[in-house]
1. Being without any contact (Cβ under 8 Å) to a residue 60 or more places away in the chain, touching a helix residue (DSSP H, G or I) at 6+ places or on another chain (Cβ under 8 Å) and in a helix (DSSP H, G or I) is the filter here, so list the residues in segment 46-84 that pass it.
2. Has segment 164-178 got any residue that is surrounded by 18 or more Cβ atoms within 10 Å (Cβ to Cβ), in contact with a Phe, Trp or Tyr (Cβ under 8 Å, 6 or more places away or on another chain) and modelled with pLDDT under 95?
3. Name the single residue that is surrounded by the fewest Cβ atoms within 10 Å (Cβ to Cβ) among those in segment 59-109 being under 17 Å from Leu43 (Cα atoms) and basic (Lys, Arg).
4. Does any residue in segment 144-171 that is touching a residue at least 24 places away in the same chain (Cβ under 8 Å) and among the hydroxyl-bearing types (Ser, Thr, Tyr) come within less than 6 Å, Cβ to Cβ, of a residue that is surrounded by fewer than 23 Cβ atoms within 10 Å (Cβ to Cβ) and outside any strand (DSSP E or B) six or more places away or on a different chain, and which pairs are these?
Amino acid sequence: MSFRRTRIALAALVLSMLATARIAAEDVQELRANAGVRFFRSLLAADVDLTKKTVPQDQLLIVFVFVDDARHATDLAARFSEQNKDLRGLGVITETTRDLTLANYAQRVPAGIFIAQPPNRKALASIIKYGIDHHVIVYSPYEGHVESGVLGGLFVDAQMRPFVNGATLSASQITLKDFFFKVAKVYP
């Protein structure tokens, strides 16, 4: 085989491996997001003041934030709604938004925000600040987000379990039920 053909074959192999790695990474992100929906519901249920966080008509507003994949956010919101129609006896309304500033939620504050797609660092910081300022649980299933200040997420070692940023929890003035801390990992 000539040197040129070897280079072409090697380039094709590398491209194939990169495509496979990208697909595998997307599968991991999808798995984390799907598992995260279940843990998010548990985190919300552990909020001692959840009943005080209703929008009109005693319903909880849960917002799924996305960057550019509305379908994925809608699928996650539907999965969240399928688990149970209510949360601690309260009805649940889910919405998706591409508004990473959450400006449309100044008056109608959600009980929880799920990051359905990882935003850039500046937008993530804005969402975290919104959560702290409005005492809202912000949840992200994506690696590194709890360490960046997101209140709750997913910790994966031998098993998946809830992951909570203790400093953000305190700054948000959110109190969680004690049982939640028996299974959760708390980031300092």
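The values are calculated or read from the model by the stated rules, or taken from the named source; none is laboratory data. Bear in mind the structure is a predicted one, so any value in this text is a computation, not a measurement. In this analysis, Cβ positions are derived from the backbone assuming ideal geometry, glycine residues included, and neighbour counts consider all displayed protein chains.
1. The answer is His72, Leu76, Arg79, Phe80, Gln83.
2. No, segment 164-178 has no match at all.
3. Only one residue fits best here, namely Lys85.
4. The qualifying pairs are Thr168/Gly149.
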